[in-house]
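**Q** One structure, pasted below without further comment.
The values are calculated or read from the model by the stated rules, or taken from the named source; none is laboratory data. Only a predicted model underlies this, so the values are computations on that prediction, with no experimental measurement involved. Glycine gets a Cβ as well: all are built from the backbone with ideal geometry, and neighbour counts include every protein chain shown. Surface areas here come from the heavy atoms of the whole protein model, side chains and all, with no ligands, DNA or RNA. Shrake-Rupley method; radii C 1.70, N 1.55, O 1.52, S 1.80 Å.
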Amino acid sequence: GELEHRRVKRFYPRVSKSRFTSGIAKQQRRERILFRMTERIPGDKSKKRKVTALRRRQAMKADATDAPFLHFEVSEQLPYTDPRVHYHMSSDARHYLCLSQWLRKCAGDPAFVDFLPRLQDHILSRLLGRDYDGNESPFSSAERSRLTFINDRIYRHKVIRVNFTTYDLR
């Protein structure tokens, strides 16, 4: 009845609007195949799914504090952006990394060689209004020491909106 109608309507945004009937049918077939595949897995399915979901949540919590990214399940709203503004990033401060701990944890990673001085150079260049040309001009240790990370934190964001104009000359 009505519930089946709602279930089918979920597929509409994912299909071609010119041939939506065949697209919805294809999505239903895929869903049915996946459902049958899960039925073939031996063992107590409900218990296994609960344990798997619990492990996934625990793993997310474990690395949520020091992962440089946000998981898909985390939501971060970004309000309307004025098109004249080059970029817009959320001002949400919920998701942060403790910079010193994160750098200690990643000390063996080659990508983190001179990470902090390069980050400080990048931030100082932006604060001084210098344009980024692919190469940062190095600052002295005294100049870098004037830069302070409040509470030793840097913030992770899931969404950034960039406004730019391209001209396709084909």
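**Q** How much accessible surface does S100 have with a 1.4 Å probe, in Å² rounded to 10?
**A** 40
**Q** Going from most exposed to least, what order do Y80, Y96 have by accessible area with a 1.4 Å probe? Intermediate results must be reported in sequence, preceding the final value.
**A** Working: Y80 180, Y96 85 Å².
Most to least solvent-accessible, the answer reads Y80, Y96.
**Q** Taking the Cα centroid of the range 81-139 and of the range 5-34, what is the distance between the two, rounded to the nearest whole Å?
**A** The distance from the Cα centre of the range 81-139 to that of the range 5-34 comes to 43 Å.
**Q** Enter the accessible area of H71 (Å², nearest 10), with the probe set to 1.4 Å and all protein chains included.
**A** It works out to around 40 Å².
**Q** Moving on. Tell me, what is the 1.4 Å probe accessible area of V85, in Å² to the nearest 10?
**A** Accessible area, nearest 10 Å²: 70 Å².
**Q** Which sequence of I123, I160, I24 reflects their accessible areas, 1.4 Å probe, from the largest down?
**A** Numbers: I123 45, I160 95, I24 25 Å².
Highest to lowest solvent-accessible surface, that is I160, I123, I24.
**Q** If each residue of separation counts as 0.36 nm, what is the full-extension length gain between R146 and Q101 once their alpha-carbon separation is subtracted?
**A** Details: separation 45, 0.36 × 45 = 16.20 nm, distance 2.09 nm.
Fully extending the segment from R146 to Q101 adds 14.1 nm.
**Q** I've got another one for you. For the range 99-170, what is the charge dipole size about the Cα centre, in debye to the nearest 20, if Lys and Arg each add +1 at the Cβ and Asp and Glu each add -1 at the Cβ?
**A** 380
**Q** Using a 1.4 angstrom probe on the protein heavy atoms only, could you order R161, R156 from most to least accessible area? Please list the in-between numbers first.
**A** Details: R161 85, R156 25 Å².
Largest accessible area first, the residues go R161, R156.
**Q** Work out, step by step, the length gained on full extension between R161 and V113: first 0.36 nm times the residue separation, then minus their alpha carbon distance; give nm to one decimal. Don't jump to the answer; show the numbers that get you there.
**A** On the way: separation 48, 0.36 × 48 = 17.28 nm, distance 2.94 nm.
Extending this stretch completely gives an extra 14.3 nm.
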